[in-house]
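What follows is one structure encoded as structure tokens, with my remarks underneath.
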Amino acid sequence: MVAEPHTDDANTPTPPPPADDGATPPADANTGQSQQDQQIPESLIDGNAIPAEERNEYLLARILIHPFAEMDERVFLELLQNSLSLNLFEKKRVIDAVPTLSQYQVDELIKVFEDERVEFRKLMPTEGETIKQYVTKARKEWIQLYELYKTEEIQREQEVREQQKIDDIKKGLGL
């Protein structure tokens, strides 16, 4: 049974509320913000100035430890990099989760990434321009992902230096 649209006083149909199709991203467990609401922090580094190979080696180092699964890390990273369905934050979540993923989870991710590639290739003849836009966006976000990790690293180093200064001051005061 289909619900009739509600009409207001002017007899103009009001569309029914949109159905929850799951398109709204879930809230981040740490911040309570949806992924759409998350802002990319201002980068302390220009990822465009770093050669792509160096950026990829840096990101590769982040997934080298995965005690519960075996994989070709370079292939996995390349599939993740070229995923058009994941955004910057989702790719970061995947990279951050790699050390805890089971073999089954890794295998399923690889399968999904490979299936996605096949499906987008099928759409190229009819949706080529749109797919090119997605590719361009994915490339920009990959650089932003590198910048995000480097910025976090720089901020952690600054925090350590500040804590060391505090500890030195306390030591000098005899505390």
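Here, each number is a calculation from the coordinates, and none is a lab measurement. Note that the structure is predicted; figures quoted are calculated from it, not measured. Cβ: placed from backbone, ideal geometry, glycine included. Neighbour counts: every protein chain shown.
Compute the signed sum of charges (Lys and Arg +1, Asp and Glu -1) over the other residues within less than 12 Å, Cβ to Cβ, of A49. If you can, show how the numbers build up before the last one.
On the way: positive: R55, K150; negative: D46, E54, E147.
Here the charged neighbours net out to -1.
May I have the convex hull volume per residue, in Å³, for the Cα set of the stretch 110-175? Don't jump to the answer; show the numbers that get you there.
Details: hull volume 5.8 nm³, N = 66.
Each residue corresponds to 88 Å³ of Cα convex hull volume.
Cα to Cα, under 22 Å, and not fewer than 8 places away if on the same chain: which lysines meet these conditions relative to K91?
K111, K132, K137, K140, K150
Where q = 0.12, 0.15 Å⁻¹, what log10 of I(q)/I(0) comes from the Debye formula for the stretch 44-160, counting one point per Cα?
Results for the stretch 44-160 at q = 0.12, 0.15 Å⁻¹ read -0.47, -0.72.
Enumerate the calculated ³J(HN,Hα) couplings along the stretch 102-110 in order (Karplus 6.51 cos²θ - 1.76 cosθ + 1.60, θ = phi - 60°), each rounded to whole Hz, writing x wherever the residue is Gly or Pro.
7, 4, 4, 5, 5, 4, 5, 4, 4
Could you tell me which residue out of G47, M71, L60 lies farthest along the dipole of the stretch 47-99 toward its positive end? Charges go on the beta carbon: Lys and Arg +1, Asp and Glu -1, centred on the Cα centre.
G47
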